[in-house]
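**Student:** The structure under discussion is supplied below as structure tokens; questions concerning it will follow.
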Amino acid sequence: MQSPPAFSVSEAVARAFEVQPIVDIHTHLYPIQMGPLCLMGPNELLTYHYLKVETCRQLPSGTSIAQFNAMPKPRQADVVWRTLFAGNGSPLSEAQLGVVTVMSSLGLNPRSDSLAEFRALFSQTDPEAYVDLVFSKSGVSRVYMTNDPLDDLEGPAWREGFERDSRFDAALRLDSALAGWPGSTAKLKALGYSVEDDLSSRTIAELRRYLDDWIARMDARYLAISLPPDFAYPCESAIATLLGAAAYPTARDHGIPAALMVGVRRGVNPELRDGGDGLGKWNVAFLENIAREWPDVNFLVTLLSRENQHELCVAARKFPNITPFGCWWFLNNPSIIREVTAERLELLGSGFVPQHSDARVLDQLLYKWTHSINAIAPVFVRKYEALRNAGWPLTEQDVRNDVARMFGGGPLGS
Ligand code: FIX
Ligand code: ZN
């Protein structure tokens, strides 16, 4: 047996990530053509809800959270900058570090005493060129949006029509339509779907028509929903009924995955608005029930509690139609990314999608992937070195193939 040429595993892993176009399977990013939904530049970056929350922990004296919330975005960004970057200690949180990485990658001085330089760069750059710059620098080739036809901003964009930027794929998000039933019936009726509050067969049929119509209209590649930690399945609840009667048969019939994002407790502190959500541990037995009842549906699953991660890996071993994806939200920190990626490799091999960015502001692609790959690459190096030491004649192409399979879109395909 001829041994493959000797090579440095760490260099091979680094090269594999350098050449692999990243497909980001969960973001809140939108193309410029979708108007106000597209968030980019310093004012949006600095008012990311992670940073607003961290600012609200140390607001300048005399400024209440309510007063901070009421500020126009540029002023809010200035308060965030002064509070988190120009005075009160080093920017050590992941969200703070992210801004530093973004500014450095744009050639800006992250220790500037104001956002003036960043604002000047952004205002002098053509928006399309800025989008191209961020995609090119970040190594991301495509992102999946979070699309909601019932959203007051997004719905009109789809109805008016816009030129699709091929770098933005669609994922049909079901929270507003299905969670909190029957809260969505008025909006669904306004779109022409004859749903009623009761979950009659007609209402279910109309909901399935809504899903069919918008999967086709958006060319949605998967369905997604976020759920609280007390979500149970099976259950008499409206959400469990609607998922079982409408969402999952639709995913099966369209041959597209259904994403489950479980563990978020919305609005634990409403005063923090979009930053006010918390988390809780889910009972993964309910995931096993769903996977068992729907063997023909592929479930992309990401759970918000760190304490759920190991049992998610075990559930994925029991049910091949469960694919863990990403280190979601409060897990998207290097210390946890390292831990979760290692246990996923040990339990699932390459059968999972290690990361998504969850980016809300386009500029964030410049840090979320750099930080994630810096955390993930050493985990891969240790695993490949163990594989080679065990006698596997590892080649550099093996490494590239694995990285392509795990970061090139996973079950959604490249
Ligand atoms: O439900 C979700 O998609 C979450 O990612 C968001 O609601 C959350 O605000 C977020 O962006 C976290 O990073
Ligand atoms: Zn998200």
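Quick note: the coordinates plus some simple rules give every number you see, no bench work behind them. Values in this document were obtained by computation on a predicted structure and should not be read as measured data. Every residue, glycine as well, gets a Cβ built from its backbone with ideal geometry; the counts of neighbours run over all protein chains shown.
**Student:** How big is the gap, in Å, between the Cα center of the stretch 348-386 and the Cα center of the stretch 317-333?
**Tutor:** Taking the Cα centre of each part, the stretch 348-386 and the stretch 317-333 sit 13 Å apart.
**Student:** Go through L84, L39, Y50 and say which Cα lies farthest out towards the positive end of the charge dipole of the stretch 17-111; charges sit on Cβ, +1 for Lys and Arg, -1 for Asp and Glu.
**Tutor:** Farthest towards the positive end: L84.
**Student:** How big is the Kirkwood radius of the stretch 126-168, worked out from every pair of different alpha carbons and given in Å to one decimal?
**Tutor:** Computed over Cα pairs of the stretch 126-168, the Kirkwood hydrodynamic radius comes out at 12.0 Å.
**Student:** Can you give the relative contact order of the chain as a percent, counting alpha carbon pairs under 8 Å and 6+ residues apart?
**Tutor:** Normalised by residue count, the contact order of the chain is 22 percent.
**Student:** Same structure, new question: On each of the three principal axes of the Cα atoms of the stretch 171-211, give max minus min coordinate, whole Å, ordered largest first.
**Tutor:** Taking max minus min along each principal axis of the Cα atoms, the stretch 171-211 gives 25, 19, 18 Å.
**Student:** Per the Cauchy relation, a quarter of the hull surface: what is the mean projected area of the convex hull of the alpha carbons in the stretch 274-314, in nm²?
**Tutor:** Answer in nm², one decimal: 3.7.
**Student:** Determine the calculated [θ] at 222 nm for the chain from helices alone, applying -39500 (n - 2.57) to every DSSP H run no shorter than 4 residues and normalising by the residue count; nearest 500 deg cm²/dmol.
**Tutor:** When only DSSP H runs of four or more count, the value is -13500 deg cm²/dmol.
**Student:** Pop out the Kirkwood hydrodynamic radius of the stretch 168-291 from its pairwise C-alpha distances, inverse of mean 1/r, in Å to one decimal.
**Tutor:** About 15.3 Å, per the Kirkwood formula over Cα pairs.
**Student:** Restricting to DSSP loop positions (anything but H, G, I, E, B) with no more than 16 other Cβ atoms inside 10 Å of their own Cβ, which trypsin sites (Lys or Arg not before Pro) remain in the stretch 203-278?
**Tutor:** Counting only loop positions with at most 16 other Cβ atoms within 10 Å, the trypsin sites (Lys or Arg not before Pro) in the stretch 203-278 are R266.
**Student:** Cα-based Rg of the chain per 2.2 N^0.38 Å, rounded to two decimals?
**Tutor:** For the chain, the normalised Cα radius of gyration is 1.02.
**Student:** For the stretch 281-410, state what percent of all Cα-Cα pairs lands in each successive 10 Å bin, counting from 0 Å until the bin that includes the largest distance.
**Tutor:** Spelled out bin by bin, the stretch 281-410 gives 12, 41, 33, 13, 1 percent.
**Student:** Here is a follow-up. Taking H placed 1.01 Å from N in the peptide plane, check which residues at least 5 places from A359 or on another chain put their amide H under 5 Å from its amide H.
**Tutor:** Amide H neighbours of A359: H28.
**Student:** While we're on this one: Given that compact globular proteins tend to follow 2.2 N^0.38 Å, what is the ratio of the alpha-carbon Rg of the stretch 126-213 to that value?
**Tutor:** 1.38
**Student:** Right, another one. Considering only C-alpha atoms, what is the centroid distance from the stretch 237-287 to the stretch 174-215, in Å?
**Tutor:** Each part's Cα centre sits 17 Å from the other's.
**Student:** Which residue, L59, L366, L227, tops the fluctuation ranking in a GNM of the chain built on C-alpha contacts under 10 Å?
**Tutor:** Residue with maximal mean-square fluctuation among L59, L366, L227: L59.
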